[in-house]
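**Q** My questions all concern the structure below.
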Amino acid sequence: MTKALIPYKKKNAKSRLSPALTLEERESFVELMLRDVVTSIQDAEIEEIDILTTPDNGVPKDLQVNVVLDENDLNEAINEYLSHEKEPIFIIMADLPLVRAEHIKDITSRPEDVVIVPGKGGGTNVIFVKDPSNFHVKYYGSSFLNHCNIAKDRECSTYIYDSFLLSTDIDEPHDLVEIMLHGHGRSKEYVLERFDMETGKTRAKISSSDA
């Protein structure tokens, strides 16, 4: 049975979106993105979802998920988690609200040992690992190459799942347009309330440099 793992940070999140959204708006926005990711996972019929976070990030209590608390950095926390797991693990970042259930079903039905979804700039947005005990993660920097090399070193068969929607993590103000065009759910509604696609300006307060 496949489990899903979502690393999640809400407190002081997404500073690069500050030209478009205030801190309070960003924290609300990342929670909505998380909800959209969880919904897509549930629609893909993955029943067990773990949110990996720290106590100060406040995972919404109404989500039907398990909360795994770990104060360590991302790599240490995920690798500690993987060391205790025996079933296939679908790891997805919480800032991928363009994901659909069909993406998840495609990935988790692949015959390879490891499926990797590259992100923008050489990052890694999704990893599906059939044997967590035979894999570890190394995010930051060119993590896509890191994970390809780790899979090779562990003699894992690997498939690169190339998807525009899954490669689009929401980090910069211009990424908000992708939600307007391709998004769904609560995060899209939130952006549409605050962003004017025709002018490229937010309806919320913007910095003077954008005026």
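**Q** Within the bounds of the stretch 139-159, is there any residue that is of a type in the set (Val, Ile, Thr) and either loosely packed, with under 14 Cβ neighbours inside 10 Å or within 27 Å of residue 11 (Cβ to Cβ) (or both)?
**A** Going residue by residue through the stretch 139-159, those that are of a type in the set (Val, Ile, Thr) are 150, 158.
Imposing the further condition that a residue be either loosely packed, with under 14 Cβ neighbours inside 10 Å or within 27 Å of residue 11 (Cβ to Cβ) (or both) reduces the set to none.
Taking every residue of the stretch 139-159 in turn, none turns out to be of a type in the set (Val, Ile, Thr) and either loosely packed, with under 14 Cβ neighbours inside 10 Å or within 27 Å of residue 11 (Cβ to Cβ) (or both).
**Q** For the stretch 81-99, what are the residues that are surrounded by 14 or more Cβ atoms within 10 Å (Cβ to Cβ) and in a helix (DSSP H, G or I)?
**A** So in the stretch 81-99, the residues surrounded by 14 or more Cβ atoms within 10 Å (Cβ to Cβ) come out as 81-82, 85, 88-99.
Correct list: 81, 82.
**Q** Only one of 37, 59, 30 is without any contact (Cβ under 8 Å) to a residue 60 or more places away in the chain, surrounded by 12 or more Cβ atoms within 10 Å (Cβ to Cβ) and either of a type in the set (A, V, I, L, M) or in a helix (DSSP H, G or I) (or both). Can you tell me which? Let's see the steps before the verdict.
**A** Working: 37 fails: without any contact (Cβ under 8 Å) to a residue 60 or more places away in the chain; 30 fails: without any contact (Cβ under 8 Å) to a residue 60 or more places away in the chain.
Unique residue meeting the criteria: 59.
**Q** Now for a separate question. Pairs needed: first member in the stretch 77-95, over 24 Å from residue 163 (Cβ atoms); second member anywhere, surrounded by 15 or more Cβ atoms within 10 Å (Cβ to Cβ) and acidic (Asp, Glu); C-beta distance under 7 Å; at least 6 residues apart or different chains.
**A** Within 7 Å, the pairs are 77/70; 80/70.
**Q** Here's a follow-up. As an exercise: evaluate residue 78 against (1) in a helix (DSSP H, G or I); (2) among the β-branched types (Val, Ile, Thr); (3) more than 24 Å from residue 187 (Cβ to Cβ) and give the number of the one condition it does not meet.
**A** Among (1) in a helix (DSSP H, G or I); (2) among the β-branched types (Val, Ile, Thr); (3) more than 24 Å from residue 187 (Cβ to Cβ), residue 78 violates only (3).
Rule-based calculations on the coordinates, nothing more; no lab input. On a predicted model such as this, the values are computed, not experimentally measured, just so you know. Note that we place each Cβ from the backbone using ideal geometry, even for glycine, and neighbour counts take in every protein chain shown.
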